[in-house]
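Engineer: Sharing a structure with you now.
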Amino acid sequence: MLMLSLCGAVSLLLNGLLHRKPLRIIIGGGIYLFSAFQALFSGYKEGILIHILLLALIAYPYYKRIVISLALPGILVFCLALPTFTTAIRKYSWTKQKNSFEAGQSGLDQLTDKQQATRVEEDHQGFLINRVSEIGMFTQYISAVPEHSPYYGTSILENAVQAIIPRAIWREKPESEALAMERVYQTGIVNRASTASAKTRPIVDAYLSGGTKIIVLFFFVYGFLVQKLCNFCEYRFGGYTIGCSIIFNGIFQCLWRGNTLEFLLNNIVYGCLLMQIIFWLFKHFKLIRHK
């Protein structure tokens with residue numbers, strides 16, 4: 001629901017800019033800035049990246065030159081400054097040593113302190129090399145399977161289907177988090193004593209299920225499904241702005257990056273249910289005209 005609100009706010013902001021409606025600009029821009037501010041001081045890089053990408057992608061059809069001219073500086077700031085800034089937030093805010101604002105100030109101090117230049121460089125190099133693609137972790141799985149552990153076959157897909165069943169119906173349903181982390185432990189990627197969460201991504205789950213052929217098959221299906229969902233949202237809600245920009249991106253944002261299959265399939269199924277509920281509400285209050 002938070003992502004729906006964010007997508008709605010961005011669309012309202014752009015609508016206000018295009019039609020010169022100050023109230024829409026104030027409301028949409030206010031919600032967007034408040035959400036972006038929270039994401040920036042959360043200690044996670046992905047949150048603020050989503051805010052930047054969402055605004056840029058929705059604004060691009062209307063403000064191509066501005067988006068393109070700001071793209072390179074934005075990428076440089078994100079890659080060079082954000083890793084150090086978020087590291088400071090985690091170090092001071094997460095451990096309760098400082099509040100979020102003080103932790104953020106510490107991050108800015110590190111970025112502007114010449115004596116910290118080496119550390120800042122190490123932070124952004126580590127992010128670009130090890131984190132931005134997560135390909136390093138994928139190579140570890142390739143080394144472990146099938147040489148040291150067998151392929152999982154259909155068991156990952158079976159776990160994902162089981163995860164759809166509500167716990168109210170199946171009280172003994174296994175924890176999806178535990179199931180996803182079990183293959184991380186079994187392949188030796190993370191030690192069981194560690195508190196790190198290193199759940200697999202779709203490409204890893206596809207590989208673990210049967211190797212390269214399953215990866216190719218999986219992503220053909222994945223791409224087909226994503227496009228069909230996007231097209232259906234546009235058709236269902238009568239246009240690109242509400243259907244794609246708000247409903248699809250708001251409900252199915254998990255498809256941008258993917259998640260472990262146990263969570264991904266659950267998100268898709270219940271996202272479709274939420275989409276249908278929103279459609280019924282819109283239709284009941286005559287907010288859209290469905291063909």
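Engineer: Among the lysines, which have Cα under 24 Å from the Cα of residue 114 when same-chain residues fewer than 8 positions away are ignored?
Structural biologist: Qualifying lysines at Cα under 24 Å: 45, 91, 98.
Engineer: Efficiency by 1/(1 + (r/R0)^6): what FRET value for residue 38 and residue 272, r their Cβ-Cβ distance, R0 = 30 Å, to the nearest 0.05? Mind showing how you got there, number by number?
Structural biologist: On the way: r = 28 Å, r/R0 = 0.93.
Using R0 = 30 Å, I get an efficiency of 0.60.
Engineer: State the percentage of accessible surface on the range 1-61 attributable to carbon and sulfur atoms; use a 1.4 Å probe and exclude ligands, DNA and RNA. Don't jump to the answer; show the numbers that get you there.
Structural biologist: Working: 2570 of 3430 Å².
Here it works out to 75 percent.
Engineer: A further question follows. So if we plug the beta-carbon distance of residue 69 and residue 186 into 1/(1 + (r/R0)^6) with R0 = 51 Å, what FRET efficiency do we get, rounded to 0.05?
Structural biologist: Details: r = 48 Å, r/R0 = 0.95.
The computed FRET efficiency comes out at 0.60.
Engineer: Considering only 212, 241, 200, give the residue with the highest GNM mean-square fluctuation for the chain, with springs between Cα atoms whenever their separation is below 10 Å.
Structural biologist: Sorting by GNM fluctuation, first place goes to 212.
Engineer: Which helices pass in the chain if a helix is a full DSSP H run, must span at least 20 angstrom along its long axis by Cα, and must have mean Kyte-Doolittle hydropathy not below 1.6?
Structural biologist: Membrane-span-like by this rule: 2-19, 45-59.
Engineer: Tally up the carbon and sulfur contribution to the accessible surface of the range 113-272 as a whole percent, 1.4 Å probe, everything protein left in place.
Structural biologist: Numbers: 5360 of 9050 Å².
Using a 1.4 Å probe with all protein chains present, the range 113-272 comes out at 59 percent carbon and sulfur.
Engineer: Only helical DSSP H runs with n ≥ 4 go in: add -39500 (n - 2.57) per run for the chain, normalise by residue count and round the 222 nm mean residue ellipticity to 500 deg cm²/dmol. Present the calculation step by step, with values, prior to reporting the outcome.
Structural biologist: On the way: 13 runs with 193 residues, N = 291.
Taking each H run of at least 4 residues, the total per residue is -21500 deg cm²/dmol.
Engineer: Assigning unit charges at the beta carbon (Lys, Arg +1; Asp, Glu -1) and nothing else, what dipole magnitude in debye, to the nearest 20, does the chain show about its Cα centre? It would help to have the intermediate numbers written out before the result.
Structural biologist: Details: 28 positive and 17 negative charges, 247 e Å.
Computed about the Cα centre, the dipole is about 1180 debye.
Engineer: Moving on. Given +1 on the Cβ of Lys and Arg, -1 on the Cβ of Asp and Glu, and no further charges, what dipole in debye does the range 3-135 carry about its Cα centre, rounded to the nearest 20?
Structural biologist: Details: 13 positive and 8 negative charges, 99 e Å.
Dipole magnitude for the range 3-135 comes out near 480 debye.
Engineer: How much accessible area per residue does the chain have, counting only protein heavy atoms and a probe of 1.4 Å, in square angstrom? Could you put the intermediate results ahead of the total?
Structural biologist: Values: 17540 Å² over 291 residues.
Value returned for the chain: 60 Å² of accessible area per residue.
Engineer: Could you pull out every one of the lysines with an alpha carbon less than 24 Å from that of residue 286, ignoring same-chain neighbours closer than 8 positions?
Structural biologist: 21
Engineer: Further question: At a threshold of 8 angstrom on Cα-Cα distance, excluding pairs fewer than six apart, so keeping six or more, what relative contact order does the chain reach in percent? Don't jump to the answer; show the numbers that get you there.
Structural biologist: Working: 271 pairs, mean separation 53.8, N = 291.
Answer for the chain is 18 percent.
Engineer: While we're on this one: With charges set only on the Cβ (+1 for Lys and Arg, -1 for Asp and Glu), what does the dipole of the range 84-160 come to about its Cα centre, in debye to the nearest 20?
Structural biologist: Details: 7 positive and 9 negative charges, 65 e Å.
It works out to roughly 320 debye.
Engineer: Another one. Going toward the positive end of the dipole of the chain, with +1 on Lys and Arg Cβ and -1 on Asp and Glu Cβ, which of 208, 245, 191 do you reach last?
Structural biologist: Value: 245.
Engineer: Could I ask something else about it? Using the Cβ atoms and a cut-off under 12 Å, what net charge is assigned to the surroundings of residue 81, where Lys and Arg are +1 and Asp and Glu are -1? The partial results should precede the final answer.
Structural biologist: Working: positive: 45; negative: 121, 123.
Counting the neighbours of residue 81, the net charge comes to -1.
The values are calculated or read from the model by the stated rules, or taken from the named source; none is laboratory data. Since the model is a prediction, treat every value here as computed from it, not as a measurement. Neighbour counts run over all protein chains shown; Cβ positions are idealised from the backbone, glycine included. For the accessible areas, the whole protein counts, side chains as well, though only heavy atoms, and no ligand, DNA or RNA atoms are used. Shrake-Rupley method; radii C 1.70, N 1.55, O 1.52, S 1.80 Å.
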